[in-house]
Each structure stands twice: as C-alpha cells, then as structure tokens.
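The values are calculated or read from the model by the stated rules, or taken from the named source; none is laboratory data. The structure presented is a predicted model; accordingly, all values stated were derived computationally and were not measured. Methodologically, a virtual Cβ is constructed for each residue, glycine included, from the backbone with ideal geometry; neighbour enumeration extends over all protein chains shown. Accessible surface areas use protein heavy atoms only, side chains included; no ligands, DNA or RNA. Shrake-Rupley method; radii C 1.70, N 1.55, O 1.52, S 1.80 Å.
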Amino acid sequence: MGRTREIKFGPRIIDLDILLYDNDIIDDKDLRIPHPEMHKRRFVLQTLSDIAPDIIHPVLKITIARLLKDVNNGGAVKKIVSPA
C-alpha cells in the first residue's frame, strides 16, 4: 500500500480478513483461506450465519449454522438495525 507501519503492534495500515472463497483452501505465508480463526469467533459466525447459514466450512466440513451453535467463546452479538 506504499505505507510503512511505524509502531510494532500499533494501528494497522489495512486489515482485510477473507473468511471464505468458494471451497478453496489456501495456506500460504501471506494468505490463509478459510480464515484460520473464524470458527472460534461468535461475531464472525453470527454475521455469516445471518446471510449464509448452510455454507460448509471447507476444512471442518461443518455448516456455519452448526459452528455457530458449537462456538464456545460466550458473549452475545447484538444486531444493530439502522432506521428506515
């Protein structure tokens, strides 16, 4: 992006998490798909389940809806609805 990070562990220049891409599995040093931690994050699974609950995780072979039911990190996800 033409910018350098000035503070180690400081604000990121850009942070783009690709959760899934079709059924592809990519494990390179610079890119991992599916996202390696998505199945542990309720806020990710809830949002993804809202739009695609029947998608199957290509590595775990489990639907997003099932992963959401099994996620063990507590915490509620609150849906924010903007006024019409």
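How big is the Kirkwood radius of segment 1-65, worked out from every pair of different alpha carbons and given in Å to one decimal?
One decimal place: 13.5 Å for the Kirkwood radius.
At 222 nm, what helix-only mean residue ellipticity would the chain give, in deg cm²/dmol to the nearest 500, using -39500 (n - 2.57) for each DSSP H run of four or more?
-5500 deg cm²/dmol
Rounded if a/c is under 1.5, else prolate if a/b is larger than b/c, else oblate: which is segment 28-84, with a ≥ b ≥ c the root eigenvalues of its Cα gyration tensor?
prolate
Can you give me the accessible area per residue for the chain, using a 1.4 Å probe, in Å²?
Result: 85 Å² of accessible area for each residue.
Calculate what fraction, in whole %, of the accessible area of segment 40-84 sits on carbon and sulfur atoms when a 1.4 Å probe is rolled over the protein chains.
In segment 40-84, the share of accessible area belonging to carbon and sulfur is 58 percent.
Per-residue HN-Hα couplings for segment 23-37, Karplus 6.51 cos²θ - 1.76 cosθ + 1.60 at θ = phi - 60°, whole Hz, x for Gly and Pro?
10, 5, 10, 10, 9, 10, 5, 9, 8, 10, 10, x, 4, x, 10
Calculate the spin-label point distance for LYS40 paired with ASP54, positioning each point 7 Å from the Cα along the beta-carbon direction, and give it in nanometres.
3.1
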